[in-house]
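The values are calculated or read from the model by the stated rules, or taken from the named source; none is laboratory data. Here the structure is a predicted model, which means the values were calculated and not measured. Here the Cβ positions follow ideal geometry from the backbone for every residue, glycine too, while neighbour counts run over all protein chains shown.
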């Protein structure tokens, strides 16, 4: 599985696992589009090995939806794989980075 998503009182928690690529990104996009836009999205990716541009596009879509409502996307202890791709694409400044 490439991700798990859960909702709680403080926000939507997304855990990215293994690989996020064109095969799993459509499911990720669908799950994120159903998430509440008034709550923060908290992303855990310490178990993420790889993410391609389709996966990053899902995260950017979520960022845009949440930013429009004043909510934010937070990366908690992001994996090197995720941060490297975000830096290369110059999207790293879109997200708040936190330690667990």
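Is it the case that residue 75 is within 22 Å of residue 30 (Cα to Cα) and either touching a residue at least 24 places away in the same chain (Cβ under 8 Å) or surrounded by fewer than 16 Cβ atoms within 10 Å (Cβ to Cβ) (or both)? Spell out how you get there, then give the answer.
Working: within 22 Å of residue 30 (Cα to Cα): yes; either touching a residue at least 24 places away in the same chain (Cβ under 8 Å) or surrounded by fewer than 16 Cβ atoms within 10 Å (Cβ to Cβ) (or both): yes.
Taking the combined requirement at face value, the residue satisfies it.
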*Considering each residue of region 1-32, count those that are assigned to a helix (DSSP H, G or I) and within 12 Å of the chain's Cα centre (by Cα), and give that number.*
5
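Conditions tested, residue by residue: (1) buried (at least 20 other Cβ atoms within 10 Å of the Cβ); (2) modelled with pLDDT under 95; (3) closer than 20 Å to residue 93 by Cα.
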position: 7; (1), (2), (3): no, yes, no
position: 10; (1), (2), (3): no, yes, no
position: 34; (1), (2), (3): no, yes, no
position: 41; (1), (2), (3): yes, no, yes
position: 45; (1), (2), (3): yes, no, yes
position: 48; (1), (2), (3): yes, no, yes
position: 57; (1), (2), (3): no, no, yes
position: 64; (1), (2), (3): no, no, yes
_Test set (1) assigned to a helix (DSSP H, G or I); (2) closer than 17 Å to residue 32 by Cβ; (3) touching a helix residue (DSSP H, G or I) at 6+ places or on another chain (Cβ under 8 Å) - residue 75 fails condition number_ = (1)
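Name every residue in region 33-42 that is part of a loop (DSSP other than H, G, I, E, B) and in contact with a helix residue (DSSP H, G or I) (Cβ under 9 Å, 6 or more places away or on another chain), in order of residue number. Steps first, please.
In the first step, residues of region 33-42 are kept if they are part of a loop (DSSP other than H, G, I, E, B); the result is 35-39.
Across region 33-42, the qualifying residues are 35, 37, 38, 39.
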*Out of 66, 82, 59, report the one residue that is over 15 Å from residue 16 (Cα atoms) and part of a helix (DSSP H, G or I).*
66
*Looking for whichever is at positive phi and in contact with a strand residue (DSSP E or B) (Cβ under 8 Å, 6 or more places away or on another chain) here; the options are 77, 52, 40, 27. Which one fits?*
77
